[in-house]
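Worksheet for the structure shown next.
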Amino acid sequence: MGAFCAARNLCLFLLLFQSGRSAARGEHRAERCDVCHIDALCENTPASYRCICKPGFRGDGRRCEGKTNFHSGHQHVDECMFNNGGCQQVCVNTMGSYECRCKAGFFLSDNQHTCIHRSVEGLSCMNKDHGCAHICKETPKGGVACECRPGFELAKNQRGCTLTCNHGNGGCQHICEDTDHGPVCRCHVRYTLHSDGRSCVERDESAVEASLGHNSTLLAEVDKRVKRRLLMETCAVNNGGCDCTCKDTSTGVHCSCPVGFTLQPDGKTCKDIDECASHNGGCQQFCRNTIGSFECSCRKGFKLLTDERSCQDIDECFFERTCDHTCVNSPGSFECVCNKGYTLYGLAHCGDIDECSMNNGGCEHSCENTLGGFECHCRPDFKLHWNKKDCINHLATAKTPAKPTLNCSKLDGGDRCFLTCQSHVHINNGTRRCPVLMHFVPQLNFFSSEVNNVSVLPAVSDTSGVPRIKTTATFKSSTGKCNLQRSQEKLKQGMTGRKAPITENVQFSFVSLRCSSSGRWARSHHGRKVAEEEGSSITAEFELDVNLEEVTGCCDLGCVRRRSEKRLRKTVRTLRRSISRAQFLLHFAGSQYELAKKTSQLADVPEPCGSGQMLVDGKCVSCSVGTFYDGEQGGCVLCPAGKYQDEEGQVSCEACPGPRVAGGLRIVGARSISECGGQCPPGQYSQDGFVPCLRCPLGSYQPEVGRTSCFTCGGSLVTKYEGAISFQDCETKVQCSPGHYYNTSTHRCIRCPLGTYQGEFGQNHCVACPGNTATDYDGSTNITQCKNRHCGGELGEFTGYIESPNFPGNYPANVECTWTINPPPKRRILIVVPEIYLPIEDECGDYLVMRKSSFVNSVTTYETCQTYERPIAFTSRSKKLWIQFRSNEGNSGKGFQVPYVTYDEDYQELIEDIVRDGRLYASENHQEILKDKKLMRALFDVLAHPQNFFNYTAQESREMFPKSFIRFLRSKVLRFLRP
């Protein structure tokens, strides 16, 4: 009963794919045609239909078996001509069929198409001399049991296989009879057996005449019979001489041909019609003629639609696994794009760029790599220049940048606070439900807080050596969403209009605000949840420098630090009261903003976009670099001349550093400091990085703009000229090729160590591989040689992938990966190998093997060490699988991405019947289906969870599979359900 219900669900799934294809009458006729065999043609008649076996097959149309090799120019199909018949190694054409064979050292697996490496040592079927002529299977108690392929019988020795008449009519042209010694061929009346023991030829009439002893009476009778036979041919004898269909008429036999063939002038022979010769067979891209029909196919990156004529681009970006970051689809292809600070490796993966490995990141002192970026740091008594790379003497700084200031005052009996920042404002918008981050500092500093009180951290020192106090606090605000919007009130009115007394005036060295929105349930006075309201909280991080001028003989540094901590706690308490009364305002870039204030919008009005975003076609889009969001204009505006913005989603632009040069041109919409103008170009420097500039002296170079110094070549090397812009301008003693770097101490070329590469000539450094990748060997010259070695592990119980490391890029050398699939009870494993790329130049040094366990003698399901672009599907020979991939130090390849699914064991007979049928692989269209990730995911989804077939609508189903594939599966399902 379980098998029936399981198969019923699968059958319903297949029927769903066919639904809605035609009108009611057409559907009824199509259902009746389903009784025709897969190797038969269904022809409509005025009142009904009829099934006709394809050329080379015989039967009543509802069952077609065997192909007859006619002796007089008749058509014979050689399955091995197309895709090697689906065989992995050797395909041998036989009478009416074909069979797969393996090369020496391999034996044929249960699916009758793939080959498994034969161990030199081992027991049971792995033994070279197991003795089975066709199929060897291991018994539960040990030992082997031999089986024969269809059409053969097991011999008395239980090892050999004897051909029977069920296999291609035993090779006989007319009559086949089974005997103890095999099939024996016989012929119809008036035919005699040919010397080959299989074909039948007409008897020689002269021999008949000689045997009659020249009796005139008998000769006359023979002559009459010969004339009668010539005038009245019959379909009962040699099919009337017709290639295909023969029909007896009053005037003799009438030959006809099936669809796809045309009758030749001799009235007997059928010739295949080349449909591709006329208008490309109606195919949009490629047309391939087949015997009796034709097939349309598409270029790589396209798929054949259900009309089996048109081609549609495959959207590779439909799958989340395609690219790590951003996937851009294009006709017939796709491209992976990485976020800022990341680089592409392995064709689809993104890894963090280690900028510090490239000339120290351009930093004058020290460089620290971070995810997606890097930071330069300075030694004590120095501070970072505006270009974020040079270090300048802290004591020589002419002007200290304005610090963020918090001012609080009493207004209407409550506290009102303003946070003011003159510059260096950074706003980071996530999705509309994500937090809004504001950083009032020159650099980013992410943090987290889980408490609702003030936590004062121990004092630390910045790069100038001044002690600093860090404080983190979380404030609950009134109901409302996190949204930065212009305030309707004026700053001066709020601060001076009523001459409110100032209660707090604190200058911070660092301020970071994080606003989080969350839904909460409002309760009635009965305690029931009545509605959901938006609430928000603000997490603030402050850093306050300890004022060293307050240190006296009575109060040392520790005393001053404790006073500062106490003052900071009081300030935070005042700020909490201000936020709770929604009296907290922000002032920067000459404008005043409110944070997390409840809006008066109706519930059905779309929520506004986050800060620095505007609505475009119903979607919130962040303002791009070089622009900012202007609330008055309601959109993104270019930064004015003299300002720049190098981040997305900002509400203001930063002022360009340095003095305004007379006659200097400053552009509108500057996207970085380098576009502000007035800075020293590459190869030059100045004290502040602005014009007027000096050329880098001999023996130094500078590749960047706006720098205050130049890098020395080192090793007493000199440059070819002043104003050099690269180390390549240094006159080294030898010219280093890619994969090497120049050592200025030894004046030699050194190979790039493992995990680094260099693709240019004459460089003094190697670039570190991105992310968690490494190179196979030293001396690498390209980022493509950086590979991820992570692989293996426990796989899912229902569906998953077996993927070579670094796929779809080339896999690394000397890697060993092991996976295990342990299905739940009463489930079996189905595996589809769409394609696999393993180079064979190194004599099977790289191989993939699937077997029951790690023991070499355990039952093997699949093993290969070669490249196969033709897909293959098979079921596991064991209930669980141990899978291993190993590569050597030789050649590398793309590898593989092999999907699998576990299914109810009640499907076992049906699934094996499908995957072992060579017709699943003989058609190019069927092969493309096995490579189509979207279609395979749909099939695997239903196989793993049959109830999921209800999730697919009729429209979706019609757009998935070609009719030929559905007919192939339908015939298998109907046969499985047949009692």
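Only one entry in Ser804, Ser780 is polar (S, T, N, Q) and closer than 30 Å to Tyr701 by Cβ, namely Ser780.
In summary, Leu163 fulfils each of the numbered conditions (1) farther than 26 Å from Thr234 by Cα; (2) touching a residue at least 60 places away in the same chain (Cβ under 8 Å) with the single exception of condition (2).
Thr322 satisfies every condition listed in (1) exposed (fewer than 15 other Cβ atoms within 10 Å of the Cβ); (2) polar (S, T, N, Q); (3) part of a loop (DSSP other than H, G, I, E, B) except (1). For the range 278-319, a residue qualifies if it is without any contact (Cβ under 8 Å) to a residue 12 or more places away in the chain and assigned to a helix (DSSP H, G or I), and the qualifying residues are His279, Asn280.
Can you say whether Val328 is assigned to a strand (DSSP E or B), of a type in the set (A, V, I, L, M), touching a Gly at 6+ places or on another chain (Cβ under 6 Å) and free of Cβ contacts under 8 Å to residues at least 40 places away in the same chain, as far as the supplied structure shows? Answer is no for this residue. Of the listed requirements (1) at pLDDT 95 or above; (2) farther than 26 Å from Val898 by Cβ, Pro805 misses just one: (2).
The residues of the range 966-979 include none that are surrounded by fewer than 17 Cβ atoms within 10 Å (Cβ to Cβ) and in contact with a His (Cβ under 8 Å, 6 or more places away or on another chain).
Of the set (1) farther than 28 Å from Leu935 by Cβ; (2) at pLDDT below 95, all apply to Thr756 but (2).
So for the range 246-268 (the condition being part of a helix (DSSP H, G or I), over 20 Å from Cys42 (Cα atoms) and either in contact (Cβ under 8 Å) with a residue 12 or more places away in the chain or in contact with a strand residue (DSSP E or B) (Cβ under 7 Å, 6 or more places away or on another chain) (or both)), does at least one residue qualify? No; the residues of the range 246-268 include none that is part of a helix (DSSP H, G or I), over 20 Å from Cys42 (Cα atoms) and either in contact (Cβ under 8 Å) with a residue 12 or more places away in the chain or in contact with a strand residue (DSSP E or B) (Cβ under 7 Å, 6 or more places away or on another chain) (or both). Among the candidates Pro899, Pro979, the residue that is over 22 Å from Ser293 (Cβ atoms) and at pLDDT 85 or above is uniquely Pro899. Restricting attention to the range 535-546, the residues that are at pLDDT below 80 and either touching a Pro at 6+ places or on another chain (Cβ under 7 Å) or part of a loop (DSSP other than H, G, I, E, B) (or both) add up to 0.
Determine if the range 706-724 includes at least one residue that is more than 39 Å from the chain's Cα centre (by Cα) and either of a type in the set (Asp, Glu) or more than 24 Å from Glu364 (Cα to Cα) (or both).
Yes, some residue in the range 706-724 is more than 39 Å from the chain's Cα centre (by Cα) and either of a type in the set (Asp, Glu) or more than 24 Å from Glu364 (Cα to Cα) (or both).
Residues of the range 676-734 that are under 22 Å from Ser745 (Cα atoms) and either among the basic types (Lys, Arg) or assigned to a helix (DSSP H, G or I) (or both): Lys720, Phe727, Gln728, Asp729, Lys733. Only one entry in Glu364, Glu275 is modelled with pLDDT of 90 or more, buried (at least 17 other Cβ atoms within 10 Å of the Cβ) and under 30 Å from Met81 (Cα atoms), namely Glu275.
Residues checked against (1) surrounded by fewer than 19 Cβ atoms within 10 Å (Cβ to Cβ); (2) farther than 30 Å from Ile725 by Cα; (3) modelled with pLDDT of 50 or more:
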{"site": "Pro380", "(1), (2), (3)": "yes, no, yes"}
{"site": "Ala402", "(1), (2), (3)": "yes, yes, yes"}
{"site": "Gly414", "(1), (2), (3)": "yes, yes, yes"}
{"site": "Pro442", "(1), (2), (3)": "yes, no, no"}
{"site": "Ser448", "(1), (2), (3)": "yes, yes, no"}
{"site": "Asn452", "(1), (2), (3)": "yes, yes, no"}
{"site": "Thr472", "(1), (2), (3)": "no, yes, yes"}
{"site": "Phe475", "(1), (2), (3)": "no, yes, yes"}
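Put simply, of Tyr811, Tyr777, Tyr801, Tyr847 the only residue that is aromatic (Phe, Trp, Tyr) and more than 30 Å from Lys880 (Cβ to Cβ) is Tyr777.
Right, Ser737: in contact (Cβ under 8 Å) with a residue 60 or more places away in the chain, among the polar types (S, T, N, Q) and either assigned by TED's automatic domain parsing to the domain that holds Asn359 or not in a strand (DSSP E or B) (or both) or not? Here the answer is no, as Ser737 does not meet what is asked. Of the set (1) buried (at least 18 other Cβ atoms within 10 Å of the Cβ); (2) within 26 Å of Ser674 (Cβ to Cβ); (3) at pLDDT 70 or above, all apply to Phe588 but (3). Only strands (runs of 3 or more DSSP E) whose full extent lies in the range 45-117 are considered here, and the ones with at least 1 residues that are more than 30 Å from Thr867 (Cβ to Cβ) and at pLDDT 75 or above are 49-53.
The values are calculated or read from the model by the stated rules, or taken from the named source; none is laboratory data. Please read these numbers as outputs of a predicted model, since none were measured by experiment. Cβ coordinates were reconstructed from backbone atoms using ideal geometry, including for glycine residues, and neighbour counts include every protein chain displayed.
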